[in-house]
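One structure below.
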Amino acid sequence: MGAWAIAVHGGAGVDPNLPKERQEEAKRLLTRCLNIGISALLSNLPAIDVVELVVRELETDPLFNSGRGSALTENGTVEMEASIMDGPKRRCGAVSGLTTVKNPVSLARLVMDKSPHSYLAFSGAEEFARKQGVELVDNEYFITEDNVGMLKLAKEANSILFDYRIPAIGTCGAGAAMDSPLQMNGLPISVYAPETVGCVVVDKEGRCAAATSTGGLMNKMTGRIGDSPLIGSGTYACDLCGVSCTGEGEAIIRSTLAREVAAVMEYKGLNLHEAVDYVIKNRLDEGKAGLIAVSKNGEVACGFNTTGMFRGCATEDGFMEVGVW
């Protein structure tokens with residue numbers, strides 16, 4: 001019997017001028033989700049059930065960019081994606097292009113448990129959801145007034161808008177994309193602060209699991225797929241650890257960031273904290289991202305090279321922390 005640990009995140013790349021009330025609102029949500037996960041672990045739920053339970057809660061609350069409150073595509077619609085992975089046998093499920101599934105992470109779990117595949121997308125994923133009887137809603141359910149306004153700003157800036165919640169003077173104007181020093185695949189972007197959500201857990205049996213869910217980028221091209229549903233990039237779990245990433249999706253994809261944590265633990269013999277530090281410093285090139293991770297030994301760690309990351313973690317020995325910066 002080992003020790004359990006849990007971590008959650010709500011995105012890396014926080015605006016330094018983020019209003020205090022927004023910070024506190026995020027901390028309250030992360031704390032609530034941690035407590036849900038802790039209660040589940042104390043009830044001896046396996047890690048895979050706990051990560052699904054926690055990410056469902058994050059998808060249901062419109063504060064972060066997943067489920068209700070997801071970022072809008074260039075067409076003003078929502079296309080969500082999610083993945084989940086169970087460490088002991090490296091079983092996984094992923095979905096992309098969802099427009100009516102209320103909780104994408106649970107459909108990803110069904111892909112893992114009830115289909116012969118690991119990844120379903122767009123109309124195929126929606127059809128599978130209908131056959132599985134999951135809760136479906138109109139696309140309008142996911143769209144919030146704030147996001148409609150932010151999409152308008154992004155279009156005026158002719159840019160993918162990362163920090164789509166916090167309009168800043170000089171950031172979202174017509175010249176913002178031209179003036180921004182940040183780039184994605186060589187193209188300018190505006191302020192960087194995606195708010196993907198994720199959870200990683202190790203239970204008392206030493207089983208690790210991870211789940212990640214997102215609406216993607218504000219004003220993204222229709223059909224764009226990020227790192228969150230890609231096993232090994234945005235999400236990974238094995239017998240050593242569980243990892244969920246957030247940030248510049250294209251950089252996370254190029255570096256297969258989540259798998260890299262497990263790889264350097266396995267091949268370089270690093271512990272969890274050393275592995276997280278190593279991949280953040282050495283595997284992102286010029287990309288900006290963050291991650292949360294747990295190990296089979298009950299360790300928990302987070303790392304990021306952005307100004308901040310919405311995050312929280314707790315361990316069986318009573319440690320609990322929620323932070324932004």
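The values are calculated or read from the model by the stated rules, or taken from the named source; none is laboratory data. Keep in mind it's a predicted model, so treat the numbers as computed, not measured. All Cβ positions, even for glycine, are placed from backbone atoms using ideal geometry, and neighbour counts span all protein chains on display. To get the accessible areas, we keep the full protein, side chains included, count just its heavy atoms, and leave off ligands, DNA and RNA. Shrake-Rupley method; radii C 1.70, N 1.55, O 1.52, S 1.80 Å.
When only C-alpha pairs under 8 Å and at least 6 residues apart count, what is the relative contact order of segment 286-325, in percent?
31
Relative to the longest principal axis of the C-alpha atoms of the chain, give the angle of the C-alpha long axis of helix 145-157, reported between 0 and 90° and rounded to the nearest 10°.
Between the helix axis and the principal axis of the chain, the angle is about 60 degrees.
In what sequence, largest accessible area first, do M320, M80 appear using a 1.4 Å probe?
M320, M80
Give me the angle, in degrees from 0 to 90, between the Cα long axis of helix 20-42 and the longest principal axis of the Cα atoms of the chain, rounded to the nearest 10.
30
Please check which bits of segment 1-19 a label hung off N44 would reach, taking the label as a point 7 Å along Cα-to-C-beta and the cut-off as backbone N under 18 Å.
1-5
Is the shape of segment 241-315 rounded, prolate or oblate, going by the alpha carbon gyration tensor and its root eigenvalues a ≥ b ≥ c, with a/c under 1.5 for rounded and a/b larger than b/c for prolate?
Taking the square roots of the gyration eigenvalues as a ≥ b ≥ c, segment 241-315 is oblate.
What's the whole-number percent of alpha carbon pairs in segment 1-51 lying beyond 18 angstrom?
Result for the distance tail: 42 percent.
Once you keep just the Cα pairs under 8 angstrom separated by 6 or more residues, what percentage relative contact order results for the chain?
Across the chain, relative contact order equals 26 percent.
With no solvent and one equal point scatterer placed on each C-alpha of segment 187-288, evaluate the Debye formula and give log10 I(q)/I(0) for q = 0.24 Å⁻¹, two decimals.
-1.32
Along the Cα→Cβ direction, 7 angstrom out, place labels at N305 and R32. What is the inter-label distance in nm?
3.5
Suppose each label sits 7 Å from its Cα in the direction of the beta carbon; what would the D138-T60 distance come out to in nanometres?
Placing both labels 7 Å beyond Cα along the Cβ direction yields 2.2 nm.
Please work out the FRET efficiency for the pair E156 and E127, using the Cβ-Cβ distance as r and a Förster radius of 41 Å; give the result to the nearest 0.05.
So the FRET efficiency works out to roughly 0.65.
Check each of the trypsin sites (Lys or Arg not before Pro) in segment 89-157 and keep only those in coil by DSSP with at most 13 other C-beta atoms within 10 angstrom; list them in order.
Of the trypsin sites (Lys or Arg not before Pro), the ones in loops of segment 89-157 whose Cβ has at most 13 other Cβ atoms within 10 Å are K89, R90.
Suppose the Debye formula is applied to equal point scatterers at every Cα of segment 1-87; what is log10 I(q)/I(0) at q = 0.10, 0.15 Å⁻¹?
Once normalised to I(0) and log-transformed, intensities are -0.31, -0.66.
Could you list, in their original order, any pairs among K220/K268; K27/K102; K27/K131; K27/K114; K220/K288 whose Cα atoms are separated by more than 29 Å?
K220/K268; K27/K131; K27/K114
Between the helical axis of 272-282 and the dominant principal axis of the chain, each derived from Cα atoms, what acute angle in degrees is found, rounded to the nearest 10?
30
Any chance you could list P(r) for the chain, counting all Cα-Cα pairs in 20 angstrom bins from zero, rounded to whole %?
Taking every Cα pair in the chain, the percentages come to 37, 58, 5.
Using just the helices of the chain, give the 222 nm mean residue ellipticity in deg cm²/dmol: DSSP H runs with n ≥ 4 each add -39,500 (n - 2.57), and the total is spread over all residues, rounded to 500.
-10000 deg cm²/dmol, from helical runs alone.
Which aspartates and glutamates, if any, have their Cα less than 12 Å from the Cα of K152, not counting same-chain residues under 8 positions apart?
Within reach: E74.
In square nanometres and to one decimal, what's the mean projected area of the convex hull around the Cα atoms of segment 61-147?
The directionally averaged projection comes out at 5.8 nm².
Considering the Cα positions of segment 99-141, please state its Rg to one decimal place and its Dmax as a whole number of Å.
9.7, 31
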